[in-house]
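Following: one structure in structure tokens, then a few remarks.
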Amino acid sequence: MSIFEKFKAGFKKSAENFATGLKEIIIKKEIDDKSLDKIEEFLISSDVGIEAASEIKNIISQKKINPNLDSIQEINKILKNYIISVMEPLEKKEFFNKKNNLNVILVSGVNGSGKTTTIGKMGKLFKQNNGKVVFSASDTFRAAAIEQLENWASKIRVDLIKSTAGSDPASVAYKAIEHAKNNNFDQLIIDTAGRLQNKKNLMDEYKKIASVVKKIDAAAPHEVILVLDATSGQNIISQVEEFNKIIPLTGLIMTKLDGTAKGGILIALSKKYKLPIIGLGLGEKEDDFQIFEAEKFANAFTQSN
């Protein structure tokens with residue numbers, strides 16, 4: 001089962017509830033204002049955001065749905081096309097391509113978002129594209145985080161630069177970029193502490209890592225990726241807001257698309273920030289990662305083929 005098939009399965013209950021709800025809403029052949037309001041409310045409850053829900057409602061109201069057609073299928077078609085139109089420009093499929101020069105990726109995210117596991121999955125994809133990968137264990141605040149990244153490095157056979165727990169995170173990142181430069185690596189992925197966006201000292205450390213790597217490569221970090229937990233719902237918005245203020249983000253990865261309708265938050269993020277979406281994660285295995293494709297996401301969200 002592919003990641004999107006898992007995602008589609010996860011959304012099945014919500015989609016069925018939506019379909020059942022539509023059948024109850026649409027008593028008449030024509031969709032009236034009351035029906036439109038209920039559809040909008042459902043979309044908002046699925047975390048797609050007020051702006052997107054309002055736009056979808058307007059599209060449905062303007063489109064004269066043929067009463068001889070299945071109204072639910074027609075609305076799903078509108079929703080699918082809307083998702084693709086908003087999210088397709090945010091695809092970044094070339095992200096995992098082999099680079100000619102060192103590409104430094106800073107990966108952040110709050111505790112429990114699946115950040116370190118995601119780094120392991122990213123490393124495997126880079127390797128599959130003939131990349132030479134090194135990890136930097138710059139989440140030094142927790143010994144378990146260093147050990148977890150070490151396990152991933154061993155599993156997928158990539159280099160790891162680490163220090164003891166409690167060490168200066170920026171110094172580990174500095175050693176890692178030196179190692180990468182001296183040994184002709186083309187991908188350096190830096191794991192950072194599971195920072196809470198409202199903890200100033202941790203965010204200052206995060207900023208310091210970015211400053212330190214610039215001493216060796218002025219263009220680094222080349223990518224700043226935020227890992228988000230889909231089950232966090234609206235809290236994700238504030239995470240993106242705060243992390244983006246400190247070091248401008250270049251992409252998002254969403255994890256734990258595990259059966260709730262919270263994946264709709266990615267639509268809200270797409271409307272608000274228009275940041276590239278690198279991929280989606282579901283599960284702990286190294287292959288439980290899918291490079292983002294808007295059409296597949298839309299198919300999963302609407303239970304289409």
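Taking the charge dipole of the chain about its Cα centre, with +1 at Lys and Arg Cβ atoms and -1 at Asp and Glu Cβ atoms, the residue from Ile277, Asn58, Met87 reaching farthest to the positive side is Ile277. For region 118-228, the relative contact order works out to 29 percent when only alpha carbon pairs closer than 8 Å and six or more residues apart are counted. Here the extension length gained between Asn305 and Ser163 equals 46.3 nm, from 0.36 nm per residue of separation less the Cα-Cα distance. Of interest is the spacing of the C-alpha centroids, which for region 244-305 and region 144-209 amounts to 24 Å.
For a footprinting-style exposure proxy, rank Ser238, Ser163, Ser270 by other Cβ within 10 Å, fewest first.
Details: Ser238 12, Ser163 16, Ser270 24.
Ordered by Cβ neighbours within 10 Å, fewest first: Ser238, Ser163, Ser270.
Among Thr117, Thr164, the ranking by other beta carbons within 10 Å of each residue's beta carbon, starting with the fewest, stands as Thr164, Thr117.
Can you list the equivalent-ellipsoid semi-axes of region 194-252, largest first and in whole Å, using the square root of 5 times each Cα gyration tensor eigenvalue? Kindly include the intermediate steps, with their values, before the conclusion.
Working: eigenvalues 101, 35, 12 Å².
After diagonalising the Cα gyration tensor, the semi-axes are 22, 13, 8 Å.
Geometric descriptor of the chain, per residue, is 120 Å³ (volume of the convex hull of the Cα atoms). With respect to the chain, whose longest principal axis is taken over its alpha-carbon atoms, helix 3-25 is tilted by about 30°. In whole percent, what relative contact order does the chain give with Cα contacts below 8 Å and a gap of six or more residues? Relative CO of the chain lands at 28 percent. Placing +1 on the Cβ of every Lys and Arg and -1 on the Cβ of every Asp and Glu, with nothing else charged, gives the chain a dipole about its Cα centre of roughly 440 debye. Computed over region 97-150, the P(r) tail beyond 12 angstrom holds 68 percent of alpha carbon pairs.
Per the Debye calculation on region 173-302 with a single equal scatterer at every Cα and no solvent contribution, log₁₀ I(q)/I(0) for q = 0.15, 0.17 Å⁻¹ amounts to -0.80, -0.99. Within a straight-line Cα-Cα reach of under 23 Å, Lys207 can be paired with the following lysines, leaving aside sequence neighbours fewer than 8 residues apart in one chain: Lys115, Lys162, Lys175, Lys181, Lys199, Lys215, Lys245, Lys274. Rounded, prolate or oblate: which fits region 85-230 when a ≥ b ≥ c are the square roots of the eigenvalues of the alpha-carbon gyration tensor, with rounded for a/c under 1.5 and prolate only if a/b beats b/c? It is rounded, given that a/c, with a ≥ b ≥ c, falls under 1.5.
With charges set only on the Cβ (+1 for Lys and Arg, -1 for Asp and Glu), what does the dipole of region 157-305 come to about its Cα centre, in debye to the nearest 20? Spell out each step's value before the answer.
On the way: 19 positive and 19 negative charges, 110 e Å.
Its charge dipole is roughly 540 debye.
Under a model in which nothing but the beta-carbon of Lys, Arg (+1) and Asp, Glu (-1) is charged, region 85-130 shows a dipole of about 260 debye around its Cα centre. Residue order for Ser138, Ser45, fewest other beta carbons within 10 angstrom first, comes to Ser45, Ser138. Once the Cα-Cα distance is subtracted from the 0.36 nm per residue extended length, the Gln234 to Ala144 segment shows a gain of 29.6 nm.
Every number here is computed from the coordinates shown, using simple stated rules; none is lab data. A quick note: this is a predicted structure, and the numbers were derived from the prediction, not measured. Neighbour counts are summed over all protein chains in view; Cβ atoms, including those assigned to glycine, are modelled from backbone coordinates with ideal geometry.
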